[in-house]
Each structure stands twice: as structure tokens, then as C-alpha cells.
1. When only C-alpha pairs under 8 Å and at least 6 residues apart count, what is the relative contact order of the chain, in percent?
2. Putting +1 on Lys and Arg Cβ atoms and -1 on Asp and Glu Cβ atoms, find which of I30, S223, L259 reaches farthest to the positive end of the dipole of the chain.
3. Looking at segment 103-203, I'd like the Rg to Rh ratio, where Rg is from alpha-carbon atoms and Rh is Kirkwood's inverse mean 1/r.
4. How large is the accessible surface of K301 in square angstrom, using a 1.4 angstrom probe and rounding to the nearest 10?
5. If you rank F317, F349 by how much accessible surface each has, with a 1.4 Å probe, what is the order from largest down?
6. Taking the Cα atoms only, what angle lies between the long axis of helix 362-377 and the longest principal axis of the chain, rounded to 10 degrees?
7. First measure r as the distance between the Cβ atoms of S268 and T323, then evaluate 1/(1 + (r/R0)^6) with R0 = 45 Å and state the FRET efficiency to the nearest 0.05.
8. What Kirkwood radius, in Å to one decimal, follows from the Cα pairs of segment 246-396?
Amino acid sequence: MTPPRHTQVAVVGAGPAGLLLARLLHLSGIDCVVLESRDRTYVEQRQRAGILEQSTVDTLRRAGAASRLDREGLPHDGIELRFAGRRHRIDFPALTGGRRVWVHAQTEVVKDLIALQLKEGGPLLFEAPVRSVTGADTDRCTVHYTHEGRERTLTCDYVVGCDGYHGVVRHAVPEHARSVHERGYPYSWLGILAQAPPCYDELIYAHSERGFALASMRSPAVSRLYLQVPNGTDPATWPDERIWDELEARLGADGDWRLNRGPITQKSVLPMRSSVTEPLRYGRVLLAGDAAHIVPPTGAKGLNLAASDVTVLARAFAQLHETGSTELLDGYSDTCLRRVWRAEHFSYFMTTTLHTAPGQSSFDTRLQLSQLDRIATSRHAAAELAENYTGLPTGP
Ligand code: APR
Ligand code: PHB
């Protein structure tokens with residue numbers, strides 16, 4: 001198939017942001033082309049997040065992309081915090097007037113969106129890395145990309161960078177027109193997938209002076225677990241037995257609790273960072289998802305922020321398509337940034353409260369334990385965590 005030379009909206013990146021945006025644009029009758037640098041297998045196998053807020057689930061249902069989610073997704077009404085030998089459950093519905101989250105792997109969302117795009121949507125080109133975007137401040141953008149060994153161009157009315165933290169679209173915005181706000185963390189996560197039934201029916205977030213641990217899941221037979229490790233850790237230095245022993249040491253709130261062990265099928269180290277690029281729009285170029293902002297995964301916000309960005313953006317493009325008005329498009333950046341910064345703060349709060357930084361002082365550890373005790377003993381403090389975790393309403 002000869003790739004198109006022009007489209008209304010060029011979407012760069014076929015992760016959750018780009019694929020969901022393409023689906024929503026298709027449903028609004030807006031032409032778009034998705035350009036993805038990697039191959040389909042790579043994109044579908046990339047292990048990422050696993051928690052969907054209700055608003056994300058609602059958007060996927062409206063997009064006709066939630067049939068497997070509704071069959072296989074696991075609704076969760078709470079999480080457990082473990083600290084100083086204590087266990088405290090955060091009851092989401094009781095604290096938020098009925099809100100919950102869903103456990104469903106990002107890989108499965110991506111697979112279903114790709115299948116829908118290939119079956120019903122506009123062109124989705126894999127192995128089509130975008131080199132650059134020109135004309136951001138004109139009325140006709142040009143995307144320069146490579147596909148099947150040839151340099152190609154795609155002209156469009158708008159370009160949306162859904163190309164993640166290492167993408168190129170943000171560089172179409174001149175440095176004088178953008179600002180980047182960043183924070184690093186002195187630790188990373190070692191994440192594993194294991195053929196072992198989850199050790200608990202909800203997620204467990206554990207503070208420990210040995211370091212943070214998280215017990216999550218993918219299905220009744222597959223566990224997803226994480227350990228705080230030093231930056232630059234080589235996964236090869238963590239044999240399976242060492243991982244299981246350390247997880248047990250950090251998660252074990254008391255003597256009667258044991259992890260279900262099993263073969264570890266995937267092991268990787270992911271760094272932590274907080275980053276926001278402002279604004280999310282420059283002329284005909286817009287940014288969404290990880291291309292615009294990164295959060296540490298402790299708050300389970302990355303996928304949900306991507307979904308909320310493109311939900312707002314799709315509404316804006318639909319308004320433009322139907323009425324010619326750019327009111328929502330002009331407000332896109334401010335609308336999304338308010339929610340982004342709330343998620344950035346919550347992710348920072350969960351990360352710094354639950355992780356033990358290298359060389360952390362005893363004073364800082366007692367501050368963490370005091371904060372966790374406050375959450376365990378104050379309905380207001382617990383409700384603040386529950387409201388943020390289950391997600392605030394998507395913007396207008
Ligand atoms: N040209 C085309 N595609 C590109 C380019 C490029 N120059 N650079 C990156 N990409 C692709 C990547 O291969 C990837 O498939 O853009 C996609 C970006 O997807 P994600 O990184 O998943 O970002 P996003 O869609 O915003 O989803 C955010 O993914 O990274 C997780 O934790 C994050 O859960 C969150 C979610
Ligand atoms: C996951 O299941 O991958 C997961 C869950 C909660 C988090 C981070 C990751 O905070």
C-alpha cells in the first residue's frame with residue numbers, strides 16, 4: 001500500500017495515547033494517519049502499566065475497545081498499604097462515593113486498539129520512524145519519516161506527538177517556546193512477570209527500610225511485582241531466588257503471609273522520573289501522553305494521563321471538525337496541564353512516601369511513617385489518597 005501524502009491529523013506513535021486518539025478521531029469522521037517507529041510485535045509485547053481509572057475504562061468503552069477489558073479486566077475496590085509491620089486497606093468506594101479501578105495490562109489495551117485501527121481506522125504504519133516535523137507555526141505541517149527504506153513526507157493540518165519521552169515531535173517546538181520541568185529519583189524499579197498466582201486479591205504497596213515493594217497482578221495465574229533497586233541496576237544481578245526472598249522480606253507484614261513463587265518470565269529495570277513539557281501545543285503541533293509528561297509509576301498514572309489527554313484532544317478536534325470553532329483546541333494545553341500537575345504531585349507523593357532513598361536519614365524515615373500512620377488513622381487523609389488514585393474527572 002502506498003502511504004498517503006496528506007491527512008487531517010498526523011499521529012506520531014502507536015502507544016496507548018496515539019492509538020486511542022486515532023480511534024476517537026475515526027469515530028468523529030476525522031482522517032488521521034498513525035506513524036510508529038517500531039514493529040507491531042515490539043509494541044504489543046512492551047510490558048508497561050496495569051491500572052485503569054474508571055474514566056479510562058469509560059473512554060475505552062465509548063471507543064468500542066473494551067470488550068476484552070470487560071471480560072478479562074479485574075475491578076479493584078482498594079489497595080493495601082504495609083509499613084512498620086502494619087497493614088492498612090484503602091477502601092476506594094467508601095472514600096470516593098463509589099469509584100474503583102481496573103487491573104488490565106496496557107499490552108492488552110494496545111493489542112485491541114491496534115486490531116481496531118487496522119480493521120476500521122485510517123492507515124497505521126509500523127517501522128515508520130518520524131525524523132522531524134516542520135511548519136509547526138504555519139497552516140500546513142509536514143512530517144518527515146522513513147518507511148520501507150524510503151524517505152517520505154506527510155502533510156497535515158495538525159501533528160500530535162504521542163511518541164513518548166524519547167520522541168521527536170516535541171523538538172518541533174522551538175526551545176524558546178517551551179519549558180521542561182523535571183525531577184529525578186535516586187532509585188529505580190526492578191519489575192518481574194511471574195507464572196505464579198497473585199499473593200493477594202488486591203495490590204500491596206509496602207514501605208520498608210530495605211526499600212519499596214509492590215505486589216500487583218495480570219490475571220489469576222500471573223503476578224506482576226516490583227522491587228526498589230539502585231539506579232543502574234543490571235537485572236542479571238538479581239537471580240530469581242534473590243528476587244523472591246527480597247520481595248518476601250519487604251512485603252511480609254507478619255509471620256502468616258507468604259508470596260506464591262513461580263517461574264519469572266520477564267525481568268526489567270525501569271528508571272523513575274517526573275517531567276512535564278509546557279505548553280502542550282505550539283501552532284499546529286500538539287503533545288499528548290508520555291511525549292508531554294512522565295510520572296514515576298508509583299501512582300499508576302501514566303496510562304491514565306495519556307488517555308485523559310487524548311480524550312480532551314479528540315473532543316477539541318471534533319468541535320473543530322463539526323463547527324469550525326477552535327475554542328476547545330485553544331484550551332487543550334491548560335485543561336490537560338491542570339490534571340497533569342495533580343497527577344505529578346500525587347505520583348511524587350506516593351513515591352517519596354513509600355521509597356527509602358539511599359542514605360536516607362532516620363528523621364526522614366519517621367516523617368514517612370508518620371504520614372502513613374496519618375493515612376491509616378484519618379478518613380480525610382485516606383480519602384485524599386483514594387480520590388487521587390481512582391482518578392479525578394477528565395477536563396471539559
Ligand atoms: N516516530 C514514530 N514513533 C515513535 C517515535 C518516532 N520518532 N519515537 C517514539 N515512537 C513510538 C514508540 O515506539 C512508542 O510505541 O511512540 C510510542 C510512544 O508510546 P508510549 O511510550 O507508550 O507513550 P504513550 O502512548 O504516551 O503511553 C503512555 O506508556 O510508557 C508508558 O508508562 C507509560 O503507561 C504510560 C503509557
Ligand atoms: C502494574 O500492575 O504494573 C502496576 C500497578 C500499580 C502501580 C504501578 C504498576 O502503581
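1. It rounds to 20 percent for the chain.
2. L259
3. Radius of gyration relative to Kirkwood radius: 1.08.
4. Roll a 1.4 Å probe over it and K301 shows about 10 Å².
5. From most accessible down to least: F349, F317.
6. So the helix axis and the longest Cα principal axis differ by about 80 degrees.
7. 0.45
8. Computed over segment 246-396, the radius equals 18.3 Å.
The values are calculated or read from the model by the stated rules, or taken from the named source; none is laboratory data. Predicted model only: the values in this text are computed from it and were never measured. All Cβ positions, glycine included, derive from the backbone under ideal geometry; neighbour counts span all protein chains shown. The protein model used for the area step is the full one, side chains on, heavy atoms only, and it has no ligands, DNA or RNA in it. Shrake-Rupley method; radii C 1.70, N 1.55, O 1.52, S 1.80 Å.
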